[in-house]
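Novice: A single structure is presented below for examination.
No value in this document is a laboratory result; all are computed from the given coordinates. Just so we're clear, the structure is a prediction, and the values are computed from it rather than from any experiment. Cβ placement follows ideal geometry from the backbone for every residue including glycine, while neighbour counts extend to all protein chains displayed.
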2 protein chains.
Amino acid sequence: MTDISHRMNRVQAPIIPEVADLIDCNPGTISLGQGVVYYSPPEQINQGVQEFMKMNSHHYQAVEGIPALRNLISQKLRDENGIDASSYEIVVSAGSNMGFLNAILAIADTGDEIILLKPWYFNHEMAVRIADCIPVSVDTDQQFQPDVKLMEQAITNKTRAIVTVSPNNPTGAVYDREKLLEINELCRNSNIFHIHDEAYEYFCYDDAEHFSPASVESALDHTISLYSTSKSFGMANWRIGYMLIPPRLFKPVRKIQDTNLICPSVISQYAAMECLKVGRTFCDSRIAEIDKVRSHFQQRLTSNCAVSHGKLQGAFYAFLQLPDLGKSDMDIVRFLIEQYEVAVIPGVAFGIEHSRCIRASYGAMQPSTVVEGIDRLTQGLKNLLES
Amino acid sequence: MTDISHRMNRVQAPIIPEVADLIDCNPGTISLGQGVVYYSPPEQINQGVQEFMKMNSHHYQAVEGIPALRNLISQKLRDENGIDASSYEIVVSAGSNMGFLNAILAIADTGDEIILLKPWYFNHEMAVRIADCIPVSVDTDQQFQPDVKLMEQAITNKTRAIVTVSPNNPTGAVYDREKLLEINELCRNSNIFHIHDEAYEYFCYDDAEHFSPASVESALDHTISLYSTSKSFGMANWRIGYMLIPPRLFKPVRKIQDTNLICPSVISQYAAMECLKVGRTFCDSRIAEIDKVRSHFQQRLTSNCAVSHGKLQGAFYAFLQLPDLGKSDMDIVRFLIEQYEVAVIPGVAFGIEHSRCIRASYGAMQPSTVVEGIDRLTQGLKNLLES
């Protein structure tokens, strides 16, 4: 029979729609599931939309994104990230997931290995398998920080890249400058790429500081950086991200994106331009609200239920490690939805198989709602631990 | 050194940007290059855009497309294509190129073979290589019609699918019902998929009739059909296409699209819904103008220069076969741009290596401009042939 490919049999099912189905069956559930922010994009996107509509120009445009948007990105990278983008190429993609898939296809062949830190972001692992490559997982420490020695040991002659995500999905950890430079140098010395996902760059709390490894000169030749407007500007369903790549990757990435997408939706690119013009002050005031929710979450976790978790330093995720309760993490997710009307994502989706973990996202809803969700979650976990 | 992947080295560079560079150096050039239509989408897309903006809802939505759009697509397939979509699954993609890549990844592993008819659509061949599969080319006849015997001979135990495109890019041929059913049955009997690209379904001329093989019951289990709003509704840069797939492919395709795109741009989906509500009468009146241009082209080709070409029955392409002039097809393209200020695409991009062919697209500009372009082209070819 005409079957599906082996490669796709090795790819896990997307977890978000699966949890969404459970939520649909339990109305009233507060979802701490999907990784999105509670706020809408700046009103100025209306101007971008109107400008696009007025042009009445609907032909394909540049595969790598329209020049005006790429210029704004270049300025943003200089001003905020300390990156001289003229040493790289910028490619606008339909979200940073696409940027990641572009990168893997451009640098890795069938059977090549890509090192991911565990717990990994599920779509990264899925992309590696879809490209028929092998994801190699390397554990992080108790605070979900990378262990560079372990990473070094995992490198083989098949390794093509190390992937880091900071601020991290799903753990909320932020890697500091020294750690990221150490990893970047390990990649350089090992002749492999460093793929660094900065989708959550604006979401840093307390004394955590965002750092872009592409800003140092020694990184130029082997660093692929991924960015997104989805989280920072609250425009997830417009699908605009971008990648910053060494110039020799421009041709292969353009081939891939031409074949996959032709060009990112141009009306979405016009909207993204307005966001970049408004700039990060728009985001900062809204992220300050998420920071308050985070403090509440941290306090509830400390006072209400003794589950292990890393510092909540960045993004809007907490990754909670539960003791063995004789239940799978998916059982726990189901229990929390059905008994406490709060939804989280099971750790198995992030590659954690032998302990019971869950990811809670605290950025997706109006702060008052998410505080209620956090209270349900910590109450549910408390009862679970005490039963 | 950190190199690009072997798979990408095997993928040809996108030809459209390369020809565009040449055009930029020769201002005044009329481009018969890119495959787009001259007209804009219906004004009603404004309503879709406004409705989306008013909702102020920017979270991710369904991977496979929003339900309201999928419903409209289902009705359209029933009314226009005679397809009972409830026997299949519909997946909205960011253009039908993405639908094709989704399909290949879902059904084929590294080293598997995909049969393409020559001349093929370049992005199909590129997608097969990006997936690390092997494109197997099968020649068509003098009229660019498929030779089912040759196709059957090309099938091996590695073959996973036969790809057909009708109306055809780049030849303008339309395959009739009998031929498509014969191919579809060959696929069924050989336990391989039939991937059929119908992006140009509305663009049929004279007595050519469009037919969808997915409309017959015996096709249900192995037929993947691809559609686009880019050409028919003149909304190429909005990036909305869709695929119709056997239900068992829904899960793998959803995995791929979740990893690649998460969801198609939602504002673009709202615009596409308005197009589907307006329906094909909008397209038909505009395509009637393209039909007039086609008649002029046909007449000029007959009277002005004796180059071999198939019947111009569909899409908006003519694929011209020139005698050996001691020049490569790219030389001819350069000559036409520099000396006659008219641009076409070299046949090498469509897999034609041992004869000199060019593709001329006659749908992209206001009819008066394209007629001028056709006159320049036929004049240039005449001089070339006589020199």
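Novice: Using the beta-carbon distance between residue B:324 and residue A:57 and R0 = 30 Å, what value does 1/(1 + (r/R0)^6) give for FRET efficiency, to the nearest 0.05?
Specialist: 0.15
Novice: If you don't mind, another one. What residues from segment A:20-62 fall in the zone where the backbone N is under 13 Å from a label point 7 Å along the Cα-to-C-beta line of residue B:24?
Specialist: Within reach of a label on residue B:24, which here means backbone N under 13 Å from a point 7 Å along Cα→Cβ, segment A:20-62 contributes A:62.
Novice: Let me ask another. What are the aspartates and glutamates whose alpha-carbon lies under 18 Å from the alpha-carbon of residue A:382, with same-chain residues fewer than 8 places away excluded?
Specialist: Candidates past the 8-residue exclusion: A:324, A:329, A:331, A:338, A:341, A:372.
Novice: What distance in nm lies between label points placed 7 Å from Cα along the C-beta direction at residue B:281 and residue B:156?
Specialist: Distance between label points: 5.3 nm.
Novice: Compute, for the protein assembly as shown, the length of the dipole vector about the Cα centre, with Cβ point charges of +1 (Lys, Arg) and -1 (Asp, Glu) only. Units Debye, rounded to 20.
Specialist: 340
Novice: Another one. Gap in Å between the Cα centre of segment B:115-185 and the Cα centre of segment A:330-346?
Specialist: Centre-to-centre (Cα) distance: 49 Å.
Novice: Of all DSSP beta bridges in the protein assembly as shown, what percent run antiparallel (nearest 5)?
Specialist: Here the antiparallel bridges make up roughly 50 percent for the protein assembly as shown.
Novice: Right, another one. Taking the convex hull of the alpha carbon atoms in the protein assembly as shown, what volume per residue do you get, in Å³?
Specialist: Spread over its residues, the Cα hull of the protein assembly as shown gives 151 Å³ apiece.
Novice: So, one more: Report, to the nearest 10°, how far helix B:266-278 tilts away from the longest principal axis of the Cα atoms in chain B, using its own Cα long axis and a range of 0 to 90°.
Specialist: Around 80 degrees separate the two axes.
Novice: I'd like the GluC sites (Glu not before Pro) in segment A:281-387 restricted to DSSP loop residues with at most 14 other Cβ atoms within 10 Å, sorted by number.
Specialist: Qualifying residues, ordered by number: A:353.
Novice: Restricting to DSSP H runs of at least four residues, report the calculated mean residue ellipticity at 222 nm for chain B, -39500 (n - 2.57) per run over all residues, nearest 500 deg cm²/dmol.
Specialist: Taking each H run of at least 4 residues, the total per residue is -13000 deg cm²/dmol.
Novice: Loop-only check: which trypsin sites (Lys or Arg not before Pro) in segment A:261-365 are DSSP coil with at most 16 other Cβ within 10 angstrom?
Specialist: The qualifying sites are A:327.
Novice: Ok, one more. What aspartates and glutamates does residue A:251 reach when the alpha-carbon gap must be under 18 Å and sequence neighbours fewer than 8 apart in one chain are set aside?
Specialist: Of all the aspartates and glutamates, those that pass the test against residue A:251 - Cα under 18 Å, at least 8 places apart if same chain - are A:64, A:89, A:109, A:221, B:3, B:18, B:21, B:125, B:132.
Novice: Right, here's the next one. Using the alpha-carbon atoms, what tilt in degrees (0 to 90, nearest 10) does helix B:67-81 show relative to the longest principal axis of chain B?
Specialist: Once rounded, the angle reads 60 degrees.
Novice: Let's see if you can work this out: charge +1 on each Lys and Arg Cβ, -1 on each Asp and Glu Cβ, no other charges. What is the dipole magnitude of chain A about its Cα centre, in debye to the nearest 20?
Specialist: 540
Novice: Whole Å is fine, so just give me how far the alpha carbon centre of segment A:24-87 lies from that of segment A:245-300.
Specialist: Each part reduced to its Cα centre gives a spacing of 6 Å.
Novice: What are the aspartates and glutamates whose alpha-carbon lies under 17 Å from the alpha-carbon of residue A:149, with same-chain residues fewer than 8 places away excluded?
Specialist: Answer for residue A:149, where 17 Å is the Cα cut-off: A:139, A:141, A:176, A:178, A:182, A:185, listed by chain and number.
Novice: Taking the label point as lying 7 angstrom from Cα along the Cα-to-Cβ axis, what are the distances from residue B:387 to the corresponding position in the remaining copies, in ascending order and in nanometres?
Specialist: 8.4
Novice: Considering only the label points, 7 Å along Cα→Cβ from Cα, what distances in nm to one decimal separate residue B:87 from the same position in each other copy, shortest first?
Specialist: Nearest first, the other copies' label points are 6.0 nm away.
Novice: Something else now. Let me know the charge dipole size of segment A:55-200 about its Cα centre in debye, to the nearest 20, where only the beta-carbon of Lys, Arg (+1) and Asp, Glu (-1) is charged.
Specialist: The calculated dipole for segment A:55-200 is roughly 240 debye.
Novice: Another question, if that's okay. Just the Cα atoms of segment B:1-114, one point each, no solvent: what log10 I(q)/I(0) does Debye give at q = 0.15, 0.18, 0.21 Å⁻¹?
Specialist: -1.13, -1.20, -1.25
Novice: Taking chain A as the reference, fit the longest principal axis to its C-alpha atoms, fit the long axis of helix A:177-189 to the helix C-alpha atoms, and give the angle between the two in degrees, 0 to 90, nearest 10.
Specialist: Helix A:177-189 sits roughly 60 degrees off the main axis of chain A.
Novice: Can you pick out the pairs among A:118/A:179; A:179/A:292; A:118/A:231; A:76/A:292; A:76/A:277 whose Cα atoms lie more than 20 Å from each other?
Specialist: A:179/A:292; A:118/A:231; A:76/A:292, as the Cα separations exceed 20 Å there.
Novice: Within the P(r) computed for chain A, what percentage of the Cα pairs occupies the region above 37 Å?
Specialist: The calculated P(r) of chain A puts 19 percent of pairs beyond 37 Å.
Novice: Can you work out the PRE-style zone for residue B:13? Point 7 Å along Cα to Cβ, and I want the residues of segment A:224-249 with backbone N under 12 Å.
Specialist: Nothing falls inside the zone, counting backbone N under 12 Å.
Novice: Moving on to the next point. Nm distances between the label at residue B:327 and the same-position labels in the remaining copies, 7 Å along Cα→Cβ, shortest first?
Specialist: Here the equivalent label points are 7.5 nm apart from this one.
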